[in-house]
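In what follows, a single structure is set out as structure tokens and then discussed.
The values are calculated or read from the model by the stated rules, or taken from the named source; none is laboratory data. Keep in mind the model is a prediction, meaning the values are calculated, not measured. When we count neighbours, we look across all protein chains shown, and the Cβ atoms used for this are built from the backbone with ideal geometry, even at glycine. Only protein heavy atoms, including side chains, enter the accessible area calculation; ligands, DNA and RNA are left aside. Shrake-Rupley method; radii C 1.70, N 1.55, O 1.52, S 1.80 Å.
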Amino acid sequence: MGQELFLISRIGTKKVLWLMGLMFAMILAFQCFELPYGFSLSSLLSAGKVSVIEEGSSQSPVGEPKLKTEIVADSPLEEQRENEFIPEQDHTLKESLELDIDDDGNNTSSSGDLMEPVDDATVDDESIDGVLQGNYQSFNGKDKSLRNDSMGTDGTESYVSTLGYNNQSGHFATSPAVPPTSSSSWIVRDTSNIAMNISRGNNYAASPAVPPISSSLLIVGNTSNNASNTSSHDVFVGPNAPDPSDKPDKSEKTKQSNSDSSTSKNKSVSKEKKVPKVPFSGVYTIADMNNLLFESRSNSPLVPSWSSTADQELLQAKLQIENAPVIDNDPNLYAPLFQNISRFKRSYELMESTLKVYIYREGARPIFHQGPLQSIYASEGWFMKILESNKKFVTKNPRKAHLFYLPFSSRQLEEVLYVRDSHSHKNLIQHLKNYLDFIAAKYPHWNRTGGADHFLVACHDWAPAETRKYMAKCIRALCNSDVKEGFVFGKDVSLPETFVRVARNPLRDVGGNPSSKRPILAFFAGSMHGYLRSTLLEYWERKDPDMKISGPMPKVKGSKNYLWHMKNSKYCICAKGYEVNSPRVVESILYECVPVIISDNFVPPLFEVLNWESFAVFVAEKDIPNLKKILLSIPEKRYREMQMRVKKLQPHFLWHAKPQKYDMFHMILHSIWYNRLYQITPKL
């Protein structure tokens with residue numbers, strides 16, 4: 001009897017073990033196919049999860065700065081658009097950069113070969129030269145491997161960056177001192193993608209300083225997969241930042257997804273910043289853009305890693321602007337031109353009395369501290385020249401600065417580093433990244449805000465793509481202000497694209513005939529850049545005597561033919577070329593012609609302060625066949641009113657060698673200042 005019981009118990013044990021194994025296999029299979037963790041065991045193990053490390057512990061990054069450097073991953077938007085460099089037509093560099101103005105039929109290149117030669121065509125400030133020859137030449141721009149003659153035909157770079165350290169010794173510049181931290185602070189980090197070489201000996205100094213963190217602030221890596229939210233990602237850079245050409249494989253993306261899921265479940269992680277939702281994926285009207293701008297003001301701004309006196313001054317200025325006294329009239333400002341003249345005037349006054357800008361002195365010419373003063377890229381050169389010589393706004397003490405200027409020229413960047421016919425601008429992006437690595441290692445200012453208090457001014461068509469990845473949080477003043485290409489309302493600024501023909505006299509030929517002496521209904525002449533202009537000519541070239549629409553005009557000395565038509569036309573057609581922007585918008589204002597903008601999703605210049613619908617006409621691209629009908633439907637009284645407003649607007653779009661109040665320089669700087677005010681919240 002006992003032996004029988006023993007046999008029965010052995011059989012029962014085997015069945016139980018078999019059933020348990022079967023259940024375990026079913027659980028693993030269920031996790032593998034049904035749960036969002038990728039590998040089935042990842043939900044059971046700690047690999048790939050977001051770890052929470054208490055500040056001040058033995059694992060603290062402050063205690064071991066060399067072993068734990070916080071690098072935030074690339075923006076998802078860049079992953080989608082990294083290769084979106086060449087416009088939709090596969091045109092050559094010469095074609096894509098061909099001058100977008102045909103004043104007398106001269107299809108000059110963007111370098112201005114057919115323009116009048118001038119001695120002061122580029123910034124040449126001796127005082128800047130003296131500074132650049134000093135101790136700030138660590139980033140000297142002499143990395144010859146970046147230049148055209150050292151690049152492969154595919155445009156890829158095969159060099160080891162020399163930015164941020166002495167070329168002879170190979171040592172990085174010393175990072176700033178680590179600020180005090182709170183013992184109760186927490187850093188939430190994604191450690192799954194950080195691979196650092198810690199066996200380099202003493203060749204490298206400490207990583208960029210870790211800012212003080214309080215319990216109310218969390219540094220989070222990879223917390224969003226929203227491709228449209230480029231401003232919500234912390235963009236910290238440093239000597240160990242990843243190469244932009246490196247892309248994670250599918251397994252790495254799966255691990256990142258695991259980390260993201262874990263982060264979202266961790267109650268200690270702060271909620272992600274809300275971003276204005278795009279109303280639809282089609283064409284954005286001016287009303288849609290105004291809504292997006294309004295929504296951007298209502299979102300919670302990013303919190304700096306530690307507070308500063310400058311932050312408090314900005315918050316006080318913002319409060320005064322929001323409670324600005326109502327202005328009935330002002331001799332220097334015309335109310336209908338502005339979104340809110342009372343706020344603009346108060347903001348401008350506070351900018352004059354408060355704003356301080358720190359200009360990084362690092363960087364060598366011609367890419368840094370030198371920009372074009374003529375051609376269609378003149379805006380970035382003139383702004384750079386005037387600001388660097390300005391004593392009112394510029395401070396040499398970065399602790400007093402409200403804004404930090406990245407003084408590079410997007411035009412010069414392309415001229416020096418782009419490899420002809422390579423159809424790649426990875427080396428241009430890498431050059432800018434190396435520069436950011438250097439200043440982030442040398443100064444604490446970039447990592448305090450992730451670059452949110454830094455700004456750039458760039459007029460080249462490629463600037464949005466070149467700055468989208470590593471300067472996503474910066475205030476970007478861009479001529480190519482396309483909603484569909486990542487322009488962020490409330491942060492980015494639409495930079496006026498001005499065509500300066502003669503650097504010594506940027507105001508030459510300004511002015512036009514009165515409204516009663518403009519016999520031509522509408523005028524356009526230009527090269528066939530992009531698809532839109534071909535459509536425009538298809539419907540209107542030589543079809544109607546009132547519509548002077550044509551390709552390049554015959555060559556006439558002094559551009560008189562082109563200028564005569566603009567000064568004698570009621571409406572000047574500003575049709576997009578390869579990109580949404582065109583210098584004709586500003587030209588129309590200079591020659592007192594009502595601009596007719598045909599460029600879907602183009603954000604007009606200085607959009608945050610100007611009321612463009614009060615003095616300009618916007619025509620959807622699909623309505624080109626009805627162009628004349630639309631223009632004739634505007635009453636004569638309304639046209640005269642708009643033309644008068646264009647004339648009153650003109651002083652705000654003029655460059656002066658010695659800047660004047662409310663001129664182009666001050667208007668651009670004000671929009672940068674104004675957007676910064678709404679990108680800050682106090683550090684509690």
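Here are some notes:
- For beta carbons closer than 9 Å, sequence separation of 6+ or different chains, a first residue in the stretch 395-407 that is more than 12 Å from E362 (Cβ to Cβ) and a second that is charged (D, E, K, R) and surrounded by fewer than 17 Cβ atoms within 10 Å (Cβ to Cβ), the qualifying pairs are H402/E313.
- Residues being surrounded by 22 or more Cβ atoms within 10 Å (Cβ to Cβ) and under 16 Å from W673 (Cβ atoms) - total across the stretch 381-392: 2
- Members of the stretch 611-636 that are without any contact (Cβ under 8 Å) to a residue 60 or more places away in the chain and part of a loop (DSSP other than H, G, I, E, B): A616, V619, S633, I634, P635
- If only residues of the stretch 304-336 that are over 26 Å from the mean Cα position of the chain (by Cα) and of a type in the set (A, V, I, L, M) are counted, the one that is most open to solvent (accessible area, probe 1.4 Å) is V326.
- Qualifying positions in the stretch 380-418 - part of a loop (DSSP other than H, G, I, E, B) and of a type in the set (F, W, Y): F393, Y418
- Yes/no for P625 being out of contact with any strand residue (DSSP E or B) (no Cβ under 8 Å at 6 or more places or on another chain) and at negative phi: yes
- In the stretch 637-684, of all residues being open to solvent by 10 Å² or more (accessible area, probe 1.4 Å), not charged (D, E, K, R) and not in a loop (DSSP other than H, G, I, E, B), the one that is nearest to S307 (Cα to Cα) corresponds to Y674.
- Considering the stretch 456-558, the qualifying strands (runs of 3 or more DSSP E), each wholly inside and each with 1 or more residues that are farther than 25 Å from I624 by Cβ and either assigned by the TED database to the domain that holds L590 or open to solvent by less than 10 Å² (accessible area, probe 1.4 Å) (or both), run over 475-478.
- Residues within the stretch 285-301 that are open to solvent by 40 Å² or more (accessible area, probe 1.4 Å), of a type outside the set (S, T, Y) and within 21 Å of the chain's Cα centre (by Cα), tallied: 5
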